[in-house]
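Have a look at the structure below before the remarks.
The values are calculated or read from the model by the stated rules, or taken from the named source; none is laboratory data. Not measured: the values here are computed from a predicted model. We place every Cβ from the backbone using ideal geometry, glycine too, and count neighbours over all the protein chains shown. Quick note on the areas: whole protein, heavy atoms, side chains included, nothing else; ligands and nucleic acids left out. Shrake-Rupley method; radii C 1.70, N 1.55, O 1.52, S 1.80 Å.
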Number of protein chains: 2
Amino acid sequence: MSFSGKLRKHKNAPEPTLRRLPVYLYFLEKVREEGTINISAPVIGKNLKCDPTQVVKDLSVTGIKGKPRVGYNTYELIHALEEYLGFNRTNEAFLVGAGNLGSALLAYQDNQSLGIKLIAAFDVDTEIIGTSIGSIHVLEYNKMFHLANRLNVEIGVLTTPNHVAQKVAEDMVNCGIKAIWNFTSAILDLPDNIIVQNTSLSTSVAVLLRRLNDSEK
Amino acid sequence: MSFSGKLRKHKNAPEPTLRRLPVYLYFLEKVREEGTINISAPVIGKNLKCDPTQVVKDLSVTGIKGKPRVGYNTYELIHALEEYLGFNRTNEAFLVGAGNLGSALLAYQDNQSLGIKLIAAFDVDTEIIGTSIGSIHVLEYNKMFHLANRLNVEIGVLTTPNHVAQKVAEDMVNCGIKAIWNFTSAILDLPDNIIVQNTSLSTSVAVLLRRLNDSEK
DNA sequence: GCACAATCGAGAATTTTTTCTTTATTAAAA
DNA sequence: TTTTAATAAAGAAAAAATTCTCGATTGTGC
């Protein structure tokens, strides 16, 4: 199915915009709980400390129109953002590497939504195979291949040690996984059509430390 | 002490560069273990799938000079990067919120270096106060104020539930913390001189899902 | 020792992203 | 009903980041 039936009304957002969208979404959900029906870009900008025209440009990717003098309908915007980001779909995912970080993610999603749903976890450590973290059982790694045939999972979360990351990533690709959320520091070499989202913690630390050192001159 | 005594020889890197530097660092550490003495920008670029002139520009912020036909000295580069990113300093930090994510970070740093060293963890949950995660004891939240006076901690890691994040962040600032690594979705409103590094997981998911949906047209 | 090929480094050109400006629309006030 | 002020949206300008181009340098092979 190459053409999804419905016209693509939204544009391709630049990545900086894409990274800001979940921030808007979280803020909007908060103000909606407080009963806000309409909200304007200047108000959003004031709260999030960013330029109001930036807000307008960013939100325009969802296709939602605001009204002058009123702003956007909170409810509409939230739904358009969820739709645009894919947060309203199920987005089932496999996780490989149920160590510290892996089990944290598994437990985490029981409380807060990650935007994806981990439906199975795999590891090679016989100590953790068979245990449950949150509501998810940790299965033997080899089971991944079999399970991948039945369930149609497109997303893989990679929380293994660095030195096995490449191998596991290749296995994931062979299982039909299309996108990998990579928490390791490994630089994955995979086919071009595979989407790799690197979320190495040291990247954040680097930015933080540098800004801290700069601020201290 | 406003002037650090030694001349600042490095420039202020743009943020995209800053985020790439830890990737270079990891790669360089790997090739150095394999015995590589010198490495050129084209080789780095080929491995990391990025433009070689980008590599040259990025690495130039460290002040290290490469030689034509040879490239950079691996050892020198690694040290310059560690120095530039601050990874060779201790960077002691407090962590507040020893739930799933918090305890994962605590355990994580025992195996892999984060770039910062968590020296104490705090929580309000009497169930976890007194327990140890990795080599760190979880202390009662109120102890933070007392401990902050003695130790001179500048970095705070925020892994609390969203609804208490603002309050805890303010407490951190009152304890003398200058930089906050924020894992919550809360939008922190703090004095301008406080550095906030947001690392909300949904940001990464957003980019991943959008790219996945785009690729499926 | 001399030509040759590789690569750094600086700056120019291009592209992307952000910010500014203008116009048009809308609700509220007069 | 008319005027006024606020705001979205589109496009222009500015700034930032990336990619391209070229000259200088250095090691390798002839």
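For peptide B:174-181, how many partner chain Cβ atoms fall within 10 Å of a residue's Cβ, on average?
Partner Cβ neighbours, averaged per residue: 2.
Using helices alone, what [θ] at 222 nm do you get for the protein assembly as shown, with -39,500 (n - 2.57) per DSSP H run of 4 or more residues, divided over all residues and rounded to the nearest 500?
-13500 deg cm²/dmol
Determine the shape class of region A:92-203: with a ≥ b ≥ c the square roots of the Cα gyration tensor eigenvalues, call it rounded for a/c under 1.5, and otherwise prolate if a/b is greater than b/c, oblate otherwise.
rounded
If one takes the accessible area of chain A alone plus chain B alone and subtracts that of the pair, with a 1.4 Å probe, what total in Å², rounded to the nearest 100, results?
Separately minus together, A and B give about 6100 Å² buried.
At A:PRO161, with labels set 7 Å past Cα in the Cβ direction, how many nm apart are the copies from this one, shortest first?
3.7
For A:GLU216, place a label point 7 Å out from Cα along the Cα→Cβ vector, do the same in each other copy, and report the separations in nm, one decimal, smallest first.
The answer, with the shortest distance listed first, is 4.7 nm.
Tell me whether region A:15-84 comes out rounded, prolate or oblate; compute the Cα gyration tensor, take square roots of the eigenvalues as a ≥ b ≥ c, and use a/c under 1.5 as the rounded threshold.
Here region A:15-84 falls in the rounded category.
Roughly how many percent of the accessible protein surface of chain B is carbon and sulfur, given a 1.4 Å probe and a whole-percent answer?
52 percent
Quick one: among A:ASP58, A:ASP192, A:ASP110, which has the greatest mean-square fluctuation in a GNM of chain A with alpha-carbon springs under 10 angstrom?
Fluctuation is largest for A:ASP192.
If you average the C-alpha positions of region B:82-104 and of region A:143-217 separately, how far apart do those two centres end up, in angstrom?
Centre-to-centre (Cα) distance: 21 Å.
Would you tell me the mean number of C-beta atoms belonging to other protein chains that fall within 10 Å of each C-beta in A:192-203, as a whole number?
For this peptide, the per-residue mean of nearby foreign Cβ atoms is 6.
Can you tell me what percent of all Cα-Cα pairs in the protein assembly as shown are more than 42 Å apart?
15 percent
Let me check I've understood the local charge: for B:LEU28, count other residues with C-beta under 15 angstrom from its C-beta, Lys and Arg +1, Asp and Glu -1. What total comes out?
-3
What are the label-to-label distances in nm, one decimal and shortest first, from A:GLN54 to the same spot in the other copies, with labels 7 Å along Cα to Cβ?
2.2
Among the residues of chain A, which one places its Cβ closest to the rotation axis that maps chain A onto chain B, and what is that distance in whole Å?
So the closest residue, with its distance, comes out as A:ALA104, 2.
Express the accessible area of chain A per residue in Å², computed with a 1.4 Å probe while the remaining protein chains stay in the model.
The answer is 50 Å² per residue.
Does chain B come out rounded, prolate or oblate, given a ≥ b ≥ c as the square roots of the eigenvalues of its C-alpha gyration tensor, rounded meaning a/c under 1.5 and, failing that, prolate meaning a/b above b/c?
Judged from the Cα gyration tensor, chain B comes out prolate (a/c at least 1.5, a/b above b/c).
What FRET efficiency comes out for the pair A:GLN112/B:SER60, r = Cβ-Cβ distance, R0 = 45 Å, nearest 0.05?
0.65
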